[in-house]
Structures are given as C-alpha cells and as structure tokens.
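Inspection log for the structure reproduced underneath, given as structure tokens.
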C-alpha cells in the first residue's frame, strides 16, 4: 500500500456539505476542468470528492473571441464567455459520461436572468442521470440583463431572486451552493441574501475582475476587454472572504451553512489554509492548468498533512483559525 | 472522439539531456519515458516554466521536433525547439543537462499521412518548421516524394535547413531579406511546385497569415492542405478553453474549437480564416452559440 493511500485511510476526510456527502473535500473548480474526460486521462475523476462542471446555460454558447487569457504574476486573467454546449446537450452527453465514470457531480449553472437559472436547474433535477448529481452550484457572477448588466452576485436582491427561483424548482434534498464574487463592498449581506433565499451553502470566491493592456497595440489585451483574475495571486482574498463570512456565521449574524473554498489553491497546505478559515470543501482551479493532476495531488498532500499533525478527522480543522 | 478515448499522455518531470543553439533558437532534448510509443509528427508538448516556486503558472506548448525511441521506453527522448520570446521561454532556453522541466506529451492531433504514396510539399515559417523533418521521414518511409520549403524574415530565423537535404527530395529556402536562399516568401516556391508537379498534399506550420495563403493556394491546385496552428494555450489539455479557433465541422456548422484537443493540425478548408486578424480572432456571427445568433432560450 502506498504511503498516500495509507494516509487517506487513517485520516477521515469525509465531509457532509448540507447533505452533500463526499468521501473527501477536494473538488475541481468550475471552468477549470471542462466536463470530465479531459482530466480523466490524468487521474480518476471519481477519486476526488466532487467534480464541478463548467457553468451551463440554457442554450449553446460560443464564448468570446481570442485572446481569452493573459498570464499575470502568480495567476492569470480569463475571459472565456461561458462557452458551453447548453443544458440539453449537457444532460445528453456530458453528464452521462461523468455518471459512467462514477463521478459525484456538482453542476455549475448560469444564466442572464433568474428564469434561465431556474430552467437549467429544472432540466437537471428531472434528467435521467439525476443520481450522479450531488448538488448545484449557482454561478451568480453573471451579468443580469434585467438590471443593466449588473452582476447578480453584486446585489443582495438579485442574488436572492436567482436562488429562490432555483430553489422553487428543485427538490429540497438537492443541495444548492451560491458561488459568490469577492468584488463587493461587503460579502456578508450577499451571503445572507443567498442563504435566506434557499441556498444550502456558499462557494467562495469567484474570480476578481481585472484587466491587462497590450502595450504594442495600446489596446486591451483580452478580446473581452476585462477578465477574471485567478490563481495563487488571489488566495489571500479567498482566505479573507471565507474568514469574514465564517465569522458572521459564528457570531449569529447570518445562518450557519457550509462553505466550499476556492481561490488559488495549488497544494495541500493551501487547501488547509482555506479549511482553517472556515471552508469544509476545497476546489482546485487554475492550478489544474499548471498540472492537470493538481486536484488529485492536493488531495494526497492534504491527507499527508493531516496525518503528520495527528489529525484523524478533517472536520476538526474546519474554521480552526477562529479559535 | 471524446477526450477519454485518446492515447495516454505522459506526465513527467523530465530530465534535460541537451540544450543546443540552432540559429536564433535552442533545441532542447528531454527524457520523456514512454513518449515514443504514441507521439507522431504534429503532436505537441506542454512544458512548465520557471521551476517549482515559479509565479509563471501556465504551460508553454511546443510542436514536437522529433522523438527518439530508447532501447526500452524509459530511454525515450523528446526534442523541441524554443524561441526566446518572453520570461517563460527565456527560462527554458537557459536549461542545462541535469535540470528538470515538467512535460506533458504527446498532446493534440498530429498530421494525417496520405492513404497512398504521393507528392507532398512541407512548408515551415520560422521555427514553425520544427516538426517537418520528422514528418518528411514518415512520408518518405511510405514512399512519398517530399518537397520542403523553409522561410523566415532572415537567415538566423530559419530552422531545419541543415537537416532538410537529408530528409527531402527538394529543398527551397527563402528569406525576406535575402540573407539565405532566394529573396521572397514561402508562397513563391509553393506556387511553382504546385504548377510544375502533381502535388497531392501540402503540410504547413507557421503564423496564421502564412497558413491562410498556403491553404488557399493548395486547395486551388486541388491538393489537401493540413495546417498546424499556433494559438496561445494555458493548459494544453483541453480544460482552459483559451486556445479556440472557429472551425467548420463535418455538419457544416462553425464552432469555437479547442486547438489543443481537436488540433493543432486542421484541414485548411475547415478554418474560418476571415475571423483572424492582428493576432486576434473574432467569433463569426454564424458560429454555434454566437451572441449575435437570434436564439433566446425562453423563445424555444
């Protein structure tokens, strides 16, 4: 038996995230893992806690022109434009593949209006491979066409409208996670609005809006002008966001709910940092571009770290930094 | 074909075996166990840059120059050609034997060889010619006749001219400044070869503008044109969605297609060249799911 496998056996890594029962806390991050087969060449997608899919909308999306990315210090900007097959093709092709691979699927859903999110959620809730879906992650970092293109996640009322619309069409036993944007003055009221409207948990953080300029052309580098900043450069922002919302939960200011941490995790110690700030699940995103084995490697490293510290249950360390 | 059905990819911290200056470029030889079994001309490798603590996270992708099979798979070697074009590639050009570099290979879809032997033209712009000598060997091994055209702005930017004579039946070198070979562009000898010979297939690697014209000339002359594109990639394995080009599928529909998985080699007639200009590629208005397409989800 390999050392890593041994450590996974002695440390109880299992987590229960609002009824989403997973063997370990490590997940892919939406938009950093495509929909499964690509990464399955490098590790068994059933071995990580959950596979988080690319945000899916009601119809096929071409995404934006290129350049779609710019490398930045310890990170990158991306402006993909949610390229994807649309929900009908997703349930016909992508989800069956993930189900056949034994993956626990956290499906990321998106839309330009609350009704689109609800439509996508409803298709998923009634699709043939429903049993492979362990939860929905509601990507509210999309522009709201009904509100001058303002991102849903930047406004408590818009966030609540999306979550309550989705909640109304999916069964109570399908956990909903609202994915929050850090690009707000105060995250706590947004978290409260999402939880009050029916989210069972929170995923934080989405990318941070950024921009790069091509100095040869003296024009924006990205075709889409602005892009989302991700990678280790934003990990401190994720730690801060998770810390603040966890603190509000502990103070009783907002309802207590599980948090999935995401933002710049590259190794086991990074995952542990998000856990100590209050996350019970951890997604590995941009690091996957550096090494497609990253989600699996982070899992092995996290297990080894806990074993080294004599921790037998991961749950004991969630929010540990709050004392 | 889904990504899961593809040949396995070797993921390894590769030992650098050699790093040799060739004109304006460095030829890196890396120990990549098992790569020779599946690597073919047109495949590429994605390398990490900057070492373990690097703040440069994204992989750099390079067309495979050639692979050499060891006496057993553990001895397999992979060669790439690197141009120093920024901090990441600069770091690669500085590697010495004993250093280690993260390598994923082979990736992508390579060149298709013709069903029957015939007469071919291989065209490389700058160090885009890196995979051509190896491709030429495959084509000649099946009995094809190979003409090779190598072009660059100036002679230091040529790659493969020394090797070409040994692997091709005719070699045509052109430079814009005339510092090597004839003054001109790769399209000059291509026009002549297409006119004077019965060319069945044209293979090309280089900048988009060159590939477009090469493709048009080849198709006009009734030849098959396979082009290897050079789109910026973050991951090389199909998950970042940054390396897309508008490609016309078998069903006639245009989709923003990942060049890392479905390319980098495409049939020239499937590429929507008109969408590309000045290093940028727009989404054609008729592409599947284009925002300009008049399909509202609620209107269904």
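Find, to one decimal place in angstroms, the Kirkwood hydrodynamic radius of region B:117-174, where the mean of 1/r is taken over every pair of different Cα atoms and then inverted.
11.0 Å
In deg cm²/dmol, rounded to 500, what helix-only [θ] at 222 nm does chain B give when every DSSP H run of at least 4 residues adds -39500 (n - 2.57) and the total is split over its residues?
Calculated from helices alone, the mean residue ellipticity at 222 nm is -4500 deg cm²/dmol.
Modelling each spin label as a point 7 Å along the Cα-to-Cβ direction, I'd like the residue B:269/residue B:141 distance in nm, to one decimal.
Output for this residue pair reads 2.9 nm.
Would you please give the FRET efficiency between residue A:321 and residue A:253, computed as 1/(1 + (r/R0)^6) with r the Cβ-Cβ distance and R0 = 25 Å, to the nearest 0.05?
0.85
If R0 is 41 Å, what FRET efficiency do you get for residue B:220 and residue A:226 from their C-beta distance, rounded to 0.05?
0.50
By what distance, in whole Å, do the Cα atoms of region B:38-181 stretch along each of the three principal axes, largest value first?
Cα extents, longest axis first: 49, 42, 24 Å.
Could you state the principal axis extents of the C-alpha atoms in chain B, from the largest down, to the nearest angstrom?
Sorted from largest, the Cα extents of chain B read 61, 52, 37 Å.
For peptide B:42-48, compute the average count of partner chain beta-carbon atoms within 10 Å of each residue's beta-carbon.
1
Could you tell me whether region A:166-323 comes out rounded, prolate or oblate from its Cα gyration tensor? Rule is a ≥ b ≥ c as square roots of the eigenvalues, rounded for a/c under 1.5, then prolate if a/b exceeds b/c, otherwise oblate.
oblate
From the C-alpha gyration tensor of chain A, pull out the three semi-axes of the equivalent ellipsoid (sqrt of 5λ each), sorted largest to smallest, in whole Å.
Semi-axes (√(5λ), whole Å): 27, 22, 21.
Suppose we keep just the alpha-carbon trace of region B:157-300; what are its Rg and Dmax in angstrom?
Radius of gyration, then largest Cα-Cα span, for region B:157-300: 18.0, 62 Å.
Which value, to two decimals, describes the C-alpha radius of gyration of region A:166-254 once divided by 2.2 N^0.38 Å?
Cα-based Rg divided by the globular estimate yields 1.38.
To check my understanding: the extent here is largest minus smallest coordinate of the Cα atoms along each principal axis. What are those three numbers for the protein assembly as shown, in Å, largest first?
81, 56, 46
Given Cα pairs under 8 Å that are at least 6 residues apart, what percent is the relative contact order of region A:38-138?
So the answer I get is 33 percent.
Give the average over all directions of the projected area of the C-alpha convex hull of region B:111-228, one decimal, in nm².
Convex hull of Cα atoms, orientation-averaged projection: 6.1 nm².
Taking each residue of A:30-41 in turn, how many C-beta atoms of other protein chains fall within 10 Å of its C-beta, and what is the average?
For this peptide, the per-residue mean of nearby foreign Cβ atoms is 6.
Counting helices only, and only those DSSP H runs with n ≥ 4, report the 222 nm mean residue ellipticity of chain A as the sum of -39,500 (n - 2.57) divided by its residues, in deg cm²/dmol to the nearest 500.
After summing the helix terms and dividing by residue count, I get -9000 deg cm²/dmol.
Please report the relative contact order for region B:128-218, taking Cα pairs under 8 Å with a sequence separation of at least 6, and give it as a percent rounded to a whole number.
Relative CO of region B:128-218 lands at 24 percent.
Over chain B, what is the mean sequence separation of C-alpha contacts under 8 Å (at least six apart), divided by residue count, expressed as relative contact order in percent?
In percent, rounded to a whole number, it is 15.
Please state the shape class of region A:109-222: rounded when a/c is under 1.5, otherwise prolate if a/b exceeds b/c and oblate if not, all from the C-alpha gyration tensor.
Since a/c reaches 1.5 and a/b is larger than b/c, the shape of region A:109-222 is classed as prolate.
Using alpha carbons only, what's the Rg to Rh ratio of region B:1-70 with Rh from Kirkwood?
Rounded to two decimals, Rg/Rh equals 0.97.
What Rg and what Dmax come out for region B:232-288 when only alpha-carbon atoms are used, in angstroms?
10.8, 29
Roughly how crowded by other chains is peptide B:246-258, in terms of the mean Cβ count from those chains within 10 Å of each of its Cβ atoms?
2
Where a number appears in this text, it was derived from the coordinates with a stated rule and is not lab data. On a predicted model such as this, the values are computed, not experimentally measured, just so you know. Note that each Cβ is placed from the backbone with ideal geometry, even for glycine, and that neighbours are counted across all protein chains shown.
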